[in-house]
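Trainee: Pasting a structure below so you can have a look.
The values are calculated or read from the model by the stated rules, or taken from the named source; none is laboratory data. A quick note: this is a predicted structure, and the numbers were derived from the prediction, not measured. Here the Cβ positions follow ideal geometry from the backbone for every residue, glycine too, while neighbour counts run over all protein chains shown. The protein model used for the area step is the full one, side chains on, heavy atoms only, and it has no ligands, DNA or RNA in it. Shrake-Rupley method; radii C 1.70, N 1.55, O 1.52, S 1.80 Å.
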Amino acid sequence: MKKIVWLTGSRGFVGSYVSRALLNSGYEVKFLTNSPTDNNELIYADFSNRSQIKHVIERHGAPDTFIHLGWGNVYEPHHECHINENVQDGINLIDEFYNAGVNRILLIGSSSEYGDREGALNENHSPTGEINNYVKGKIALATYGLESAKKLNRIFIHLRLFYTYGAGQKHNSLINQLFQNSIQGDEMSLSPCEHYRDYIHVSEAAEGISRITNVEQSGIINLGSGNVILLKDFVKLFWDELGADPGKLMFGSHDVPSLEQSQPKSYADLTILQNRTNWTPSLTIEDGIKQTVEQLRQSL
């Protein structure tokens, strides 16, 4: 019998890839949304309404694993909803899925939960420096989930996802702007790009999430490439793969946004991921960029 996974956030950038990875791994997947929809492939429930969540679980049958990837207003990290509605909705989901007998819940978090720490980031590290409401909300919900799982003898995994890139990001993402400007032959106006990122291609992020659905131990797990690259170097590699004029990259044309999360020279320690899944990402940044450019061109 196929194992059943329920997933929120399936219509987002990462969620669309996770959906395919789970299906390709042989799972039966049901997609849960808190947005009213006429799409028969989606199950709607108001996440603020516990009785409604309970009803849809009873109607469709409890899964083996619940993955909570959906999160409101992710592009407004300082919004108050992250420490209010998003946390309470997540608590409602955790409680009702555990009440229904679900054994394993995965919450997808962010590498931003480490704040401005530098070097190898392991799961025992707490954040340093200023953190935004998005980060505060993720930490609060993860803490609640881990405590609930311990009380109930269930499994709760908080997955800290590092910078994910690939075809299918929002239209104004850095990658899409680079792609569109290269097609039009326009200059690309950029900040100095002197910060760092541990970039993981979205296909490997999805594969990692799929593999973690088999983990039998609660805790926090990093999911990144385990490497770090200066954003300026990433942009240059991407621009070169596009075959664009390097003279049209205008680094320093504008300042880094004042509210942007700190991005020091840091990267994921993947020891726990390796130990619990016997797998780590292997796609190089060059091959990931090549794959992304090929997909973007195919979408024209």
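A quick yes/no check of all residues on (1) closer than 30 Å to E85 by Cβ; (2) of a type in the set (S, T, N, Q); (3) in contact with a Pro (Cβ under 8 Å, 6 or more places away or on another chain):
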| position | (1), (2), (3) |
| --- | --- |
| N122 | no, yes, no |
| T128 | yes, yes, no |
| A149 | yes, no, no |
| I175 | yes, no, no |
| D198 | yes, no, no |
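Trainee: Just to confirm my filter: which strands (runs of 3 or more DSSP E) fall fully inside region 111-167 and include at least 1 residues that are farther than 16 Å from L270 by Cα?
Mentor: Here the list reads 155-161, 163-165.
Trainee: For H201, work out the one condition from (1) free of Cβ contacts under 8 Å to residues at least 24 places away in the same chain; (2) touching a helix residue (DSSP H, G or I) at 6+ places or on another chain (Cβ under 7 Å); (3) not β-branched (V, I, T) it doesn't fulfil.
Mentor: (1)
Trainee: Could you run through region 184-232 and say how many residues are open to solvent by 40 Å² or more (accessible area, probe 1.4 Å), under 25 Å from V256 (Cβ atoms) and in a loop (DSSP other than H, G, I, E, B)?
Mentor: Adding up the residues that qualify gives 6.
Trainee: Still on this structure, please answer the following. Which residues, counting only those in region 10-28, are part of a strand (DSSP E or B) and free of Cβ contacts under 8 Å to residues at least 24 places away in the same chain?
Mentor: Passing the criteria: none in range.
Trainee: Filter region 5-26 for residues that are among the aliphatic types (A, V, I, L, M) and open to solvent by 40 Å² or more (accessible area, probe 1.4 Å) and give the result.
Mentor: Just the residues of region 5-26 that are among the aliphatic types (A, V, I, L, M), to begin with: 5, 7, 14, 18, 21-23.
Hit for region 5-26 is L23, nothing else.
Trainee: Scan region 73-101 for residues that are within 18 Å of W6 (Cα to Cα) and either in a loop (DSSP other than H, G, I, E, B) or open to solvent by 70 Å² or more (accessible area, probe 1.4 Å) (or both) and report the count.
Mentor: 3
Trainee: Just for region 44-75: of the residues that are of a type in the set (S, T, Y) and under 15 Å from S10 (Cβ atoms), which one is nearest to the chain's Cα centre (by Cα)?
Mentor: Of everything passing the filter in region 44-75, T65 is nearest to the chain's Cα centre (by Cα).
Trainee: Here is a further query. If I ask for residues that are under 24 Å from the mean Cα position of the chain (by Cα), in contact (Cβ under 8 Å) with a residue 40 or more places away in the chain and more than 25 Å from P281 (Cα to Cα), which ones from region 144-177 would you list?
Mentor: Within region 144-177, Y144, G145, L146, S148, A149, R154 qualify.
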